[in-house]
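Visitor: Got a structure for you, written out below as structure tokens; questions coming shortly.
The values are calculated or read from the model by the stated rules, or taken from the named source; none is laboratory data. The structure presented is a predicted model; accordingly, all values stated were derived computationally and were not measured. All Cβ positions, even for glycine, are placed from backbone atoms using ideal geometry, and neighbour counts span all protein chains on display.
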Amino acid sequence: MEGTKASPEFLQAIAYEVYVKNVTFGLLHQWLTDMGMTISKNTLRNWLKKGKTYLDELVCVLKSIALEKDSIVNCDETWCKVRKYDHYKKCYIWVLVNKARKTAIFFYENGSRGRDVLTDFLGDAELKSIMSDGYNAYVFIGNELKSGRFKDIFF
């Protein structure tokens, strides 16, 4: 990664440890120190922040592919446990799939299952169809979207 000594593979490994396995920065720092790597906890945090900017750019590219004009997409949300400080909370993660473009995007907004998460993500996309599981928030989305830029979409 430019401006650091971190490779993309190393950044992926520390992101996985912290965000998937819930390893604390203190423990991660201790492991790296035990393996002979001299690095501060702040440097680890800064590398993850810098990596996030690259991932944000990648998400924009994936969104432009998945949400291109007249696309047919599948969308769903599912619950997951998210660590909030010293406890876990039931939250929701969303996925949008464009099979034709072989693109899947997972997105998360404060653990919400509300329709605003999806409508904010869709933005001003001009989709042909959204396929869903019939969760009642989609019904409201359908009414909202049919009135405007998504007028030909059926749920």
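Visitor: Quick one: count up the residues across the stretch 56-69 that are out of contact with any strand residue (DSSP E or B) (no Cβ under 9 Å at 6 or more places or on another chain) and either touching a residue at least 40 places away in the same chain (Cβ under 8 Å) or within 15 Å of residue 103 (Cβ to Cβ) (or both).
Guide: Taking the stretch 56-69 and keeping what is out of contact with any strand residue (DSSP E or B) (no Cβ under 9 Å at 6 or more places or on another chain), we get 56-58, 60-61, 64, 69.
Still in the list and also either touching a residue at least 40 places away in the same chain (Cβ under 8 Å) or within 15 Å of residue 103 (Cβ to Cβ) (or both): 58, 60-61, 64, 69.
Number of matching residues: 5.
Visitor: How about the stretch 16-38: which of its residues are at pLDDT below 90, of a type in the set (A, V, I, L, M, F, W, C) and in contact with a helix residue (DSSP H, G or I) (Cβ under 8 Å, 6 or more places away or on another chain)?
Guide: Within the stretch 16-38, 18, 23, 25 qualify.
Visitor: Answer with yes or no whether residue 60 is in the same structural domain as residue 25 (by TED's automatic domain parsing) and either part of a strand (DSSP E or B) or over 26 Å from residue 22 (Cβ atoms) (or both).
Guide: Against the criterion (in the same structural domain as residue 25 (by TED's automatic domain parsing) and either part of a strand (DSSP E or B) or over 26 Å from residue 22 (Cβ atoms) (or both)), residue 60 qualifies.
Visitor: Quick one: is residue 86 out of contact with any helix residue (DSSP H, G or I) (no Cβ under 6 Å at 6 or more places or on another chain), in contact (Cβ under 8 Å) with a residue 24 or more places away in the chain and of a type in the set (Asp, Glu)? Working first, answer last.
Guide: On the way: out of contact with any helix residue (DSSP H, G or I) (no Cβ under 6 Å at 6 or more places or on another chain): yes; in contact (Cβ under 8 Å) with a residue 24 or more places away in the chain: no; of a type in the set (Asp, Glu): yes.
Criteria not met by residue 86.
Visitor: Looking at 59, 20, which is the one that is surrounded by 10 or more Cβ atoms within 10 Å (Cβ to Cβ) and under 22 Å from residue 82 (Cβ atoms)? Steps first, please.
Guide: Numbers: 20 fails: surrounded by 10 or more Cβ atoms within 10 Å (Cβ to Cβ).
Among 59, 20, only 59 is surrounded by 10 or more Cβ atoms within 10 Å (Cβ to Cβ) and under 22 Å from residue 82 (Cβ atoms).
Visitor: Count, please, the residues in the stretch 54-86 that happen to be modelled with pLDDT under 90, closer than 15 Å to residue 121 by Cβ and not aliphatic (A, V, I, L, M).
Guide: 1
Visitor: Also, quick follow-up: Condition check: in the same structural domain as residue 119 (by TED's automatic domain parsing) and more than 22 Å from residue 113 (Cα to Cα). Does residue 99 satisfy that?
Guide: So residue 99 fits the description; yes.
Visitor: Same structure, new question: If the requirement is being modelled with pLDDT of 95 or more and either closer than 29 Å to residue 21 by Cα or in contact with a strand residue (DSSP E or B) (Cβ under 9 Å, 6 or more places away or on another chain) (or both), which of these qualifies: 98, 110?
Guide: Selected residue: 98, the only one of 98, 110 that is modelled with pLDDT of 95 or more and either closer than 29 Å to residue 21 by Cα or in contact with a strand residue (DSSP E or B) (Cβ under 9 Å, 6 or more places away or on another chain) (or both).
Visitor: Turning to a different aspect of this structure: List every residue pair whose Cβ atoms lie under 6 Å apart, where the two residues are 6 or more positions apart in sequence or sit on different chains, the first residue falls within the stretch 116-133 and is more than 12 Å from residue 95 (Cα to Cα), and the second residue, located anywhere, is loosely packed, with under 11 Cβ neighbours inside 10 Å and of a type outside the set (A, V, I, L, M).
Guide: So the pair list comes out as 126/69; 128/70.
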